[in-house]
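Report on the following structure.
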Amino acid sequence: MGLFGGMPVVKLTDAAVARLKAIAAGSSTPIAGLRLGLDKGGCAGMTYKIEMVSEPDPQDDVVEQDGVKVFIAPSATLYLLGTTVDFRTDKMASTFVFENPNQVSACGCGESVSLEAAKV
């Protein structure tokens with residue numbers, strides 16, 4: 001599950017794994033994992049949707065890495081295929097960052113992206 005053509009839909013960096021484990025450990029309610037999806041919107045057409053979930057949708061694709069589960073909305077799978085999820089901290093913010101080979105462009109602020117479905 002969570003594999004497409006033998007490869008995981010998404011990969012997590014060590015920093016992303018560590019951050020997700022810290023979030024789960026600090027939560028007052030049980031967290032099953034991180035759910036990734038896409039919303040239409042923003043100036044480039046789509047935005048990444050990230051949410052911690054206690055119960056994933058049974059139709060989600062599931063990627064498990066180093067004890068962390070990532071649930072991917074079925075409608076987002078082809079747009080996220082091959083994506084690496086990182087967690088970065090700089091002077092201004094701490095945030096999850098997506099390195100997505102399916103990204104065609106992004107708006108100036110980086111909040112909205114234009115994606116094409118992976119050609120499989």
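Computed values, structure above
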| read-out | value |
| --- | --- |
| Efficiency of FRET between residue 25 and residue 75 - r from beta-carbon atoms, R0 35 angstrom, step 0.05 | 0.70 |
| Selection of trypsin sites (Lys or Arg not before Pro), the range 58-91, meeting DSSP coil and at most 15 other Cβ within 10 Å | 91 |
| Burial ordering of 66, 60, fewest other beta-carbon atoms within 10 Å first | 66, 60 |
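Each reported figure results from applying straightforward, stated rules to the coordinates on display, with no laboratory input. Predicted model, so just to flag it, every value in this text is computed and none were measured. Every residue, glycine as well, gets a Cβ built from its backbone with ideal geometry; the counts of neighbours run over all protein chains shown.
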